[in-house]
1. Hey, B:Gln469 hits all of (1) within 14 Å of chain A (Cβ to nearest Cβ); (2) away from ligand 1 (no atom under 16 Å from the Cβ); (3) open to solvent by less than 40 Å² (accessible area, probe 1.4 Å) but one; which does it fall short on?
2. Out of segment A:2-37, which residues are away from ligand 2 (no atom under 11 Å from the Cβ) and either under 16 Å from B:Gln233 (Cβ atoms) or surrounded by 16 or more Cβ atoms within 10 Å (Cβ to Cβ) (or both)?
3. So which residues in segment B:525-540 are of a type in the set (Val, Ile, Thr) and open to solvent by 20 Å² or more (accessible area, probe 1.4 Å)?
4. So how many residues does segment B:1-60 have that are touching a residue at least 40 places away in the same chain (Cβ under 8 Å) and in a helix (DSSP H, G or I)?
5. Can you tell me which residues in segment B:382-403 are aromatic (Phe, Trp, Tyr) and over 17 Å from B:Gly193 (Cα atoms)?
6. Of a type in the set (Gly, Ala, Ser) and modelled with pLDDT of 85 or more: is that true of B:Gly289 in this structure?
7. Looking at A:Ser55, is it in contact (Cβ under 8 Å) with a residue 40 or more places away in the chain, more than 16 Å from ligand 1 (Cβ to nearest atom), of a type in the set (S, T, N, Q) and open to solvent by 30 Å² or more (accessible area, probe 1.4 Å)?
8. Tell me whether segment A:7-20 contains one or more residues that are within 7 Å of chain B (Cβ to nearest Cβ), closer than 23 Å to B:Thr48 by Cα and within 16 Å of ligand 1 (Cβ to nearest atom).
Amino acid sequence: MAIERIDKEKCIGCQKCVDACIMDVIRFDETEKKAVIKYPKECYCCYNCEVGCPSGAIYVDPRRLRPITPAWS
Amino acid sequence: MAAQCFKTDVLVVGGGLAGFHAAITAREAGAKVIMVEKNYSGTSGHSTFARDMMLFHEEWGDCLQDWRDQFIHIGEYINDQEWVDILLKEGYDRFRDMVNWGMPFYLREPGTTGFPGDDHPYGNAVMSDKIGFPKPEEEPFRYRHQRTKYRKSTAIIKFGKREKLMDARKKALSIGIEIIDHVMMTELIKRDGRIAGAMGFNTRDGGVYVFECGAVVMACGSLTFKPAYFSVQCNTGDGVAMGYRAGAELTGMEFGTGMWVCKDVDSVTIDGPVAELGLTEDCFTNGKGEEFLDDTAHLPTNIHWPLEVHKGKGPLFHEPYNYDRSNFEDALKKYDETAEGPWLTMMDRAGIDIFHDRFEQYMSFIGNIWPGGLKINTKCETSVPGLYAAGDSAGSNFTGPTYGTLGSGMCHAAVTGHRAGKFAAEYVGERDSVTFTQAEIREFEQAVMGALERGYGFTTEHVLTRIQQTLFPYEVRIIMKEDRLKAALTMIEFFRDHLLPKTYASDFRDLRNYHEVRNMIVGAEVMLKTAIMRQESRGWFFREDYPRRDDENWLKWIIAQKGQDGEMTLSTQDIPMEWRGDLSLPYEERYMLQYRLEED
Ligand SMILES: Cc1cc2nc3c(=O)[nH]c(=O)nc-3n(C[C@H](O)[C@H](O)[C@H](O)COP(=O)(O)OP(=O)(O)OC[C@H]3O[C@@H](n4cnc5c(N)ncnc54)[C@H](O)[C@@H]3O)c2cc1C
Ligand code: SF4
Ligand code: SF4
């Protein structure tokens with residue numbers, strides 16, 4: 001659920017997603033030079049990271065980890 | 001870590017479309033400008049997700065009076081008509097600014113009318129294939145799509161790409177604007193009754209940032225409560241709350257926004273299929289399987305549909321017409337590239353085929369996205385000297401209680417951004433900036449970092465969940481009633497007085513959450529108190545206990561401000577007589593016709 005994975009094999013370490021995330025979910029691992037998912041619970045599935053990734057390394061599931069009270073059910 | 005101090009003429013808070021227009025305009029007028037952004041200026045903000053912008057231009061045959069009438073009908077006479085005129089008249093110049101910065105737009109295909117209209121098979125998403133930079137006076141691709149009698153005048157242009165703000169960023173850097181990313185602003189600083197600076201912190205390394213400046217342009221977007229829906233959650237009313245704490249007046253805060261989402265994938269907006277692809281044969285049914293759209297004449301669907309649920313006839317479903325998906329592949333691809341979220345991909349991943357599967361939908365209460373904010377005059381000055389506001393943070397009252405005019409959010413962001421930048425630069429030209437003492441700076445550090453040092457108590461996650469549980473059930477802010485609004489207010493006041501002082505942040509990222517819930521509580525309190533005060537219904541603002549518009553008593557704006565004793569004061573301002581429309585018309589004609597589809 002939410003941002004599920006960043007494929008290490010595909011990630012070229014450009015850091016675009018680290019900047020593009022509007023919820024500051026993704027950080028950069030300086031030793032491995034790869035993007036890592038640091039705060040998945042803060043992901044609200046906006047797809048900014050996945051759409052902008054030049055190497056198709058990111059997969060976002062549209063269902064969040066954190067449930068939100070619905071208007072009715 | 002010691003605070004870093006910066007000195008500038010104009011500090012722009014927020015790097016969305018409004019922020020960029022403000023920063024570039026102020027810089028070009030000669031001011032030193034710093035822009036601070038909680039995320040990354042260029043890929044953040046609602047502006048990143050917006051597809052289009054309203055654009056009026058007389059030379060292209062547009063009639064000012066028709067466009068103005070559309071705003072007023074949808075706004076139900078609560079619009080500030082001076083602002084409506086400014087948006088219409090200045091939108092073209094802001095569009096040209098953006099083209100000159102290097103932002104592409106969809107171009108009009110040779111030989112087309114520019115307005116394919118309702119007969120186009122694929123709706124809004126796919127009417128032009130060409131993206132580029134329109135020459136001066138060249139009409140770009142424009143689109144109209146509202147079909148009711150009063151909603152067919154205005155037209156929108158379409159941004160050529162999703163990362164459009166990156167072009168603005170390049171322009172801003174090229175003219176010497178300093179951009180500071182990943183710094184969340186938390187408080188304004190006043191001296192002698194005027195703005196002297198602002199403070200914030202870096203969400204990555206926890207560094208405290210203090211700015212000494214002559215003026216602040218608040219352009220940090222709208223108030224949302226991190227709702228179901230997508231992409232809106234970066235804005236939590238920080239600008240509104242900072243301004244309120246500094247004594248600025250707020251207006252339009254009683255109005256709110258709801259959005260339709262798919263129940264099982266509630267990060268997907270479902271207006272996409274119908275509006276963007278033109279799936280007009282799809283329909284909507286209630287729990288009994290009945291279509292219930294026939295008698296919507298007197299209320300906007302945003303109210304009428306939740307009322308269906310309130311009557312016990314829920315839940316509500318989207319019923320597909322079984323269109324052939326292959327006809328839409330091109331349109332969808334383009335939509336994914338240029339627009340909001342890739343919602344078809346999202347639905348596919350959740351295992352829902354929007355062309356063939358029936359799915360449940362509900363209305364998610366978002367917050368106050370467009371209508372309200374820091375009250376501004378036509379120079380974008382707030383009531384605090386040196387504080388300017390633009391875009392969704394600004395309360396210009398241009399829209400009234402309903403957001404019905406496509407593309408007006410981006411037009412408003414561009415036009416108010418430009419004006420705020422221009423007048424802020426003029427203002428700082430006249431004064432010296434303040435220098436803070438070391439002792440003052442230590443106080444600021446404490447104000448920013450306090451919750452981090454606490455170390456125990458309630459989690460920010462808990463406070464957020466409690467706010468959402470209080471505001472999101474439909475009976476609180478969508479179908480409103482005094483007793484329920486008061487009950488919600490009691491809870492919000494409890495969070496303010498009891499939970500928040502005992503809440504801690506677990507790391508720098510969580511400190512952002514702390515300041516966000518703190519700001520949301522301010523926003524919620526203003527929103528509920530002003531909603532209790534407005535004893536009528538109007539547009540999307542629906543009170544079960546006062547279900548009709550009350551022209552005699554409520555052609556007014558509500559203004560909220562922090563009083564001397566710290567308590568909120570509420571007052572009203574009359575809508576000028578000449579803006580009230582024809583009061584002799586029967587109610588039905590004055591208000592209801594706008595919701596009726598035009599006879600074919
Ligand atoms: C999904 C979606 C689609 C939309 N589509 C359209 C459309 O097609 N056409 C249209 O006209 N309008 C549309 N709107 C509305 C439109 O996007 C907004 O009206 C417009 O973007 C407002 O611009 P802004 O610059 O005021 O705010 P934003 O673009 O939201 O920018 C505010 C910025 O401030 C930053 N910020 C917030 N708090 C702080 C803080 N404390 N410190 C520092 N920075 C901070 C945020 O991170 C953000 O980057 C849409 C809105 C949404 C959510
Ligand atoms: S955008 Fe893609 S390639 Fe670049 S750092 Fe992120 S995951 Fe890696
Ligand atoms: S989907 Fe949006 S919120 Fe989630 S990690 Fe990607 S950019 Fe961040």
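1. (3)
2. A:Ala2, A:Ile22, A:Met23, A:Asp24, A:Val25
3. Selection gives B:Ile532 alone.
4. 19
5. B:Phe398, B:Tyr403
6. yes
7. Yes, satisfied.
8. Checked segment A:7-20: at least one residue is within 7 Å of chain B (Cβ to nearest Cβ), closer than 23 Å to B:Thr48 by Cα and within 16 Å of ligand 1 (Cβ to nearest atom).
The values are calculated or read from the model by the stated rules, or taken from the named source; none is laboratory data. Predicted model, so just to flag it, every value in this text is computed and none were measured. Cβ coordinates were reconstructed from backbone atoms using ideal geometry, including for glycine residues, and neighbour counts include every protein chain displayed. Ligands, DNA and RNA are stripped out before the accessible areas are found, and what is left, the full protein with its side chains, is counted by its heavy atoms. Shrake-Rupley method; radii C 1.70, N 1.55, O 1.52, S 1.80 Å.
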